[in-house]
Amino acid sequence: MTATVIDGKAFAATVRENVAAHVTRIKDESGVTPGLAVVLVGEDPASQVYVRSKGKQTVEVGMKSVEHKLDVDTSEADLLALIDQLNNDESIHGILVQLPLPAHLNEDLVINSIDPAKDVDGFHISNVGLLGTGQKAMVPCTPLGCLMMLRDHHGSLSGMNAVVIGRSNIVGKPMANLLLGDSCTVTIAHSRTKDLPDVVRAADIVVAAVGRPEMVPGDWIREGATVIDVGINRIERDGKNKLVGDVDYVSCSEVAGAITPVPGGVGPMTIACLLANTLTACCRANNLVEPEGLTA
Ligand code: GUN
């Protein structure tokens, strides 16, 4: 079998178009412009690229974009004061503090100081709890993007066996909760899982989010399974810099029914879902009807 390629780049473009159409409607109907504030502390090059891309796409869908770039040695008190100011700014509906933060800043404290209603990353402990108990939450962008692609490909996910490889707070755990919410039978596997190949072979859906280049070979994949590759790993191959996922794309795509490529799979969906979350937060803050299909 040669897998169907799930084109995350094209799908993200349709999500952005959908968001943009709703932004136009909301502006016309209520005069409100959804606003996203992104806070970057320090000058990590990868984070700078992400933040620039987020700002550009925010403007492209018609939203207000605000960027706060702070010195690497910004104090915790100053960062918390900025977040407090953004929490109280009615023109801002989403706040994202780019991670990782410099080591002297307490990441948990900073994230939990964001108003949960503006927490478009879905990292605040209140949103984690709401998602874990099946209540209306702000949902982390990367797992939300994976869920949207799975729903688009399969329709209903009910009763499917899903294996999530990786137990991070940002991807693995929320992904498992979302799949459970769609009535999958969910296993979270990780570095200590016994017989990992056999666990993965039982899956109708495999979500790989471990951060290890090409860790999952094709012979772990059940014939016809759907493979969602969250990994973005830079490696050297044949003297060239290459971007690869957590699954071995060549061997997995020979066995899987559907697979996301790297690049062009999950990656583009993450920012599209950030925009979707900002729109959702804006609608909730202003008692506007929430668009369908843009959240869990
Ligand atoms: N750094 C890498 N990915 C993310 C993300 O999704 N959100 C935030 N806030 N920081 C990140």
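We did not get these values from a lab; they are worked out from the coordinates using the rules stated. Given the structure is predicted, the values throughout are model-derived calculations rather than measurements. No Cβ is skipped: glycine too gets one built from the backbone with ideal geometry, and neighbour counts run over all protein chains shown.
What the table shows:
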| quantity | calculated |
| --- | --- |
| Unpaired by the 4.7 Å Cβ criterion, cysteines found in the chain | 146, 184, 252, 282, 283 |
| Stokes-Einstein translational diffusion, the stretch 46-143 - Kirkwood Rh over all Cα pairs, 1.567 mPa s, 4 °C, in µm²/s | 90 µm²/s |
| The chain - percent relative contact order, Cα under 8 Å, separation 6 or more | 22 percent |
| Loop-located GluC sites (Glu not before Pro) in the stretch 42-72, at most 14 other Cβ atoms within 10 Å (DSSP) | 43 |
| Cβ-based exposure ranking for 190, 22, in which fewest neighbours within 10 Å come first | 190, 22 |
| Loop trypsin sites (Lys or Arg not before Pro), the stretch 93-197, which have at most 11 other Cβ atoms in a 10 Å radius of their Cβ (DSSP) | 192, 194 |
| The stretch 189-296: GluC sites (Glu not before Pro) in DSSP loop, at most 15 other beta carbons within 10 Å | 223, 292 |
| Distant-in-sequence amide H partners of residue 120 (H built 1.01 Å from N, under 5 Å) | 95 |
| Lysines whose Cα lies under 18 Å from that of residue 56, excluding same-chain neighbours fewer than 8 positions away | 9, 64, 69 |
| 32 Å tail of the calculated P(r), the chain, as % of Cα pairs | 26 percent |
| Gain upon complete extension [residue 9, residue 235; 0.36 nm per residue less C-alpha separation] | 79.2 nm |
| Residue order, fewest to most beta carbons within 10 Å, for 19, 51 | 51, 19 |
| Charge-dipole axis of the stretch 49-135 as Lys and Arg at +1 and Asp and Glu at -1 on Cβ define it, positive-most pick from 62, 131, 116 | 62 |
